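The values are calculated or read from the model by the stated rules, or taken from the named source; none is laboratory data. Note that this is a predicted model, so its numbers are computed, not measured. Every residue, glycine among them, receives a Cβ derived from its backbone with ideal geometry; neighbour counts consider all protein chains shown.
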Protein chains: 2
Amino acid sequence: MVKVLLVLYDGGKHAQEVPALLGTTENELGIRKWLEDQGHTLVTTSDKEGENSKFDQELVDAEVIITTPFHPGYLTAERLAKAKNLKIAITAGIGSDHVDLAAANKTNGGITVAEVTGSNVVSVAEHVVMTILVLLRNFVPAHEQVASGKWDVAAVAKQEYDLEGKVVGTVAVGRIGERVLRRLKPFGCKELLYFDYQGLKPEVEAEIGCRRVDTLEEMLAQCDVVTINCPLHEKTKGLFNKELISKMKKGSYLVNTARGAIVVKEDVAEALRTGHLAGYGGDVWFPQPAPGDHPLRTAVNPFGFGNAMTPHMSGTSLDAQKRYADGTKAILESYLTGKHDYRPEDLIVYNGDWATRSYGQRDKINTVKQ
Amino acid sequence: MVKVLLVLYDGGKHAQEVPALLGTTENELGIRKWLEDQGHTLVTTSDKEGENSKFDQELVDAEVIITTPFHPGYLTAERLAKAKNLKIAITAGIGSDHVDLAAANKTNGGITVAEVTGSNVVSVAEHVVMTILVLLRNFVPAHEQVASGKWDVAAVAKQEYDLEGKVVGTVAVGRIGERVLRRLKPFGCKELLYFDYQGLKPEVEAEIGCRRVDTLEEMLAQCDVVTINCPLHEKTKGLFNKELISKMKKGSYLVNTARGAIVVKEDVAEALRTGHLAGYGGDVWFPQPAPGDHPLRTAVNPFGFGNAMTPHMSGTSLDAQKRYADGTKAILESYLTGKHDYRPEDLIVYNGDWATRSYGQRDKINTVKQ
């Protein structure tokens, strides 16, 4: 008899209309009946903020906690200290930075933190390519123009460019960054660059036609478009601040589908306002949900263009929801049956230690900042 | 001493701010000084509608008329009959369907119609891929949501899909259609299909990983996304009417960056309204500028989504404007010097006969409809 606590976003009428919205409190990843048929208990909530949230109330005796990056149930050290029964925290999706991983390694003798690796890398890579095209081709004001009954081609073509012939660089070339570069290959960019602590294999570089740059600053100085695809950890938090953004080319574009806290939001908004950045787009915010007055909801460049933000949705397409619901169920089953035959790539921390280089083992890695 | 008449869209303050907006009445493709230094006359206007338009007044003694597809100066048979001095009509861009080509072959013993082939094929292909992603990933309502201060992931994820695993088909696989397929290749679509009277070479098909379908109806029945990349002529005018749209998969997406008149706008709007089409996007309208009450400005599906229209801009990015301005100047120079050493691929009608299979020689071709 295991108590499972599940934190998801509310789907409301949308979840009723579309049963494929599995990642909602109403549709519960499709696991309620399966769990209850085995005699387990499932508690689902979207209420995760403040000390008296349902999340706080229920986590004290939960053995399994499932959260997502889209509506993150932040598992802070304080919350972990209260979760005396907790054995495993599962991220339904990718990116477990909303869990204090160092604290997790010390919680109840070391809990397991696992995520569904690969479940939405394609979805995010597609969102990146879409956002690059939306920004360069100036889609947003152009669509707003026709929707509002107007017609003025010059007013939008004045900042419309082709992707062809531009230099695009990715910060980190992991599962998502590499997929972005592969999708950009046929667009005839002038150069595809990447910065990462670990290089791609020479044959992969040759296949994609991309090139590694030694320092982040050196890469940014060359790029018309920069896409951020690194995890959030203490070395990437606030990485894109005023100083680093000043190293980017004037009039370049920045796309962030990684994590909101990797950029300093006020500094990005200011760089747009002055026109140093021609555009900013992506789907990640800090915190989430983004407050109504988050500056990146409405920040634009001097032409009034250059905002291609969405809520955190790139990894929660209906196709991705199916994949992360299936993957979460597989991890749960592995835990509940006592087999613990997890896919090694899904494990973030395990047996009181880091199981991946992506978030931990700080002494051995040199991610992003040099 | 040659009189050149140039019809472009007005750039207003945008053209002052951005000299690279060459395709505007203010910046005149950058050819005024060059023409006047040779003693020629240039008259530029955006006033092209109605019998007393500047276009109508000036064309009676113009020897060269330059127009674009973005703000088309329609060269009807009536107007051609009045243009007694006309020798050459140049399209600054691609697509000369705004010229009555059959009448052009009989005007003043056969005028030349030429366009700048290739000048914006990449720009349009990029716009197609962007529009496919914008529709499938439900970008428009998602961006509007955050811009208006809201946060409701389920409300937009309910119709968000990955491009991966979908079937995409192009109507015609010419310079643009093939470029679209090449750009889609790394997205891992389930299938890439095309319908055209002429097949790609087997090695090109193998390289792209696409497949020809024998009839248009057969292709439409298989596609999640259909992109229209054929020229407008009498056999494609109104091609996507109620009957043909009914052959498309329920919930599929239609993208049109070819010409507005290839679809019956009321039938597309109705198919969106019923949800038979999940989305429609692109940048072409008939007529242009689109009237304020054109139904495709605001047509949406039952969820209120699925409109990704822009004004006619895909081929007029600043990069494309440079290319078509250069190409127009090259054609002009070839004419003015009397060399007539045009690039063969730029000629549409020449010496009183069709010079391309794209618009004419109807007996020999079997474009699109079988």
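Odds and ends about this structure:
- Breaking point among (1) facing chain A (nearest Cβ under 10 Å); (2) over 21 Å from the mean Cα position of the chain (by Cα), for B:Glu207: (1)
- Residue in the stretch B:133-145 that is acidic (Asp, Glu), over 13 Å from the mean Cα position of the chain (by Cα) and over 25 Å from B:Ile176 (Cα atoms) present: yes
- Single residue of B:Lys48, B:Lys13 found to be outside any loop (DSSP other than H, G, I, E, B), farther than 20 Å from B:Arg323 by Cβ and within 14 Å of chain A (Cβ to nearest Cβ): B:Lys13
- Boolean, A:Val43 is at pLDDT 95 or above and buried (at least 22 other Cβ atoms within 10 Å of the Cβ): no
- Matching residues, the stretch A:301-320, being part of a loop (DSSP other than H, G, I, E, B) and facing chain B (nearest Cβ under 10 Å): A:Pro302, A:Phe303, A:Thr310, A:Pro311, A:His312, A:Met313, A:Ser317
- Residues in the stretch B:332-352 that are polar (S, T, N, Q), assigned to a loop (DSSP other than H, G, I, E, B) and free of Cβ contacts under 8 Å to residues at least 24 places away in the same chain: B:Thr337 alone.
- Of the candidates A:Ile90, A:Ile31, the single residue that is closer than 23 Å to A:Trp285 by Cα and away from chain B (no Cβ under 14 Å) is A:Ile90.
- For the stretch B:75-102, the tally of residues that are surrounded by fewer than 17 Cβ atoms within 10 Å (Cβ to Cβ) and under 27 Å from B:Gly174 (Cβ atoms) stands at 3.
- Candidates A:Lys150, A:Lys185, A:Lys158, A:Lys166: the one that is touching a Lys or Arg at 6+ places or on another chain (Cβ under 7 Å), within 30 Å of B:His312 (Cα to Cα) and of a type in the set (Lys, Arg) is A:Lys166.
- Scanning the stretch A:103-129 for residues that are more than 18 Å from A:Val173 (Cα to Cα) and assigned to a loop (DSSP other than H, G, I, E, B), we see that the one that is nearest to the chain's Cα centre (by Cα) is A:Val116.
- Residue check for B:Thr236: crowded, with 22+ Cβ neighbours inside 10 Å, more than 12 Å from chain A (Cβ to nearest Cβ), out of contact with any strand residue (DSSP E or B) (no Cβ under 8 Å at 6 or more places or on another chain) and polar (S, T, N, Q): yes
- Set A:Arg182, A:Arg137, A:Arg211, A:Arg175: member being of a type outside the set (A, V, I, L, M, F, W, C), more than 27 Å from A:Arg297 (Cβ to Cβ) and either in contact with a strand residue (DSSP E or B) (Cβ under 8 Å, 6 or more places away or on another chain) or crowded, with 24+ Cβ neighbours inside 10 Å (or both): A:Arg211
- The stretch B:226-271, residues that are more than 17 Å from B:His294 (Cα to Cα), part of a helix (DSSP H, G or I) and not polar (S, T, N, Q): B:Lys242, B:Glu243, B:Leu244, B:Ile245
- For A:Phe286, the test of being in contact with a helix residue (DSSP H, G or I) (Cβ under 7 Å, 6 or more places away or on another chain), touching a residue at least 40 places away in the same chain (Cβ under 8 Å) and surrounded by fewer than 23 Cβ atoms within 10 Å (Cβ to Cβ) is failed.
- Tally of residues being within 7 Å of chain B (Cβ to nearest Cβ), assigned to a helix (DSSP H, G or I) and either polar (S, T, N, Q) or in contact with a Gly (Cβ under 8 Å, 6 or more places away or on another chain) (or both) across the stretch A:137-152: 1
- Each residue in the stretch B:63-74 was checked for being touching a Leu at 6+ places or on another chain (Cβ under 8 Å) and either surrounded by fewer than 23 Cβ atoms within 10 Å (Cβ to Cβ) or assigned to a helix (DSSP H, G or I) (or both), and 1 pass.
- Whether a residue is within 14 Å of chain B (Cβ to nearest Cβ) and at pLDDT 95 or above was assessed, and A:Val173 does not pass this test.
- Taking first residues from the stretch B:155-169 that are within 7 Å of chain A (Cβ to nearest Cβ) and partners that are among the aliphatic types (A, V, I, L, M) and in a loop (DSSP other than H, G, I, E, B), the Cβ contacts under 8 Å between residues at least 6 apart in sequence or on separate chains come to B:Val156/A:Met313; B:Ala157/A:Leu21; B:Ala157/A:Met313; B:Lys158/A:Val18; B:Lys158/A:Leu21; B:Glu160/A:Met313.
- Answer residue from the stretch A:24-45, given it is part of a loop (DSSP other than H, G, I, E, B) and more than 27 Å from the chain's Cα centre (by Cα) and is nearest to A:Ala104 (Cα to Cα) among those: A:His40
- Some residue of the stretch A:113-132 being away from chain B (no Cβ under 11 Å), closer than 23 Å to A:Gly315 by Cα, surrounded by fewer than 19 Cβ atoms within 10 Å (Cβ to Cβ) and touching a residue at least 40 places away in the same chain (Cβ under 8 Å): yes
- Among (1) of a type outside the set (A, V, I, L, M, F, W, C); (2) part of a helix (DSSP H, G or I); (3) away from chain A (no Cβ under 14 Å); (4) closer than 21 Å to B:Glu126 by Cα, the one test that B:Arg182 misses: (3)
- Scope the stretch A:7-42; condition touching a residue at least 24 places away in the same chain (Cβ under 8 Å) and over 28 Å from B:Phe303 (Cα atoms); matching residues: A:Trp34, A:Leu35, A:Gln38, A:Gly39, A:His40, A:Thr41, A:Leu42
- Evaluating B:Val284 against the criteria (1) over 21 Å from B:Thr67 (Cα atoms); (2) part of a loop (DSSP other than H, G, I, E, B) leaves one unmet condition, (1).
- Test result for B:Gln57, within 13 Å of another protein chain (Cβ to nearest Cβ) and either among the polar types (S, T, N, Q) or free of Cβ contacts under 8 Å to residues at least 12 places away in the same chain (or both): no
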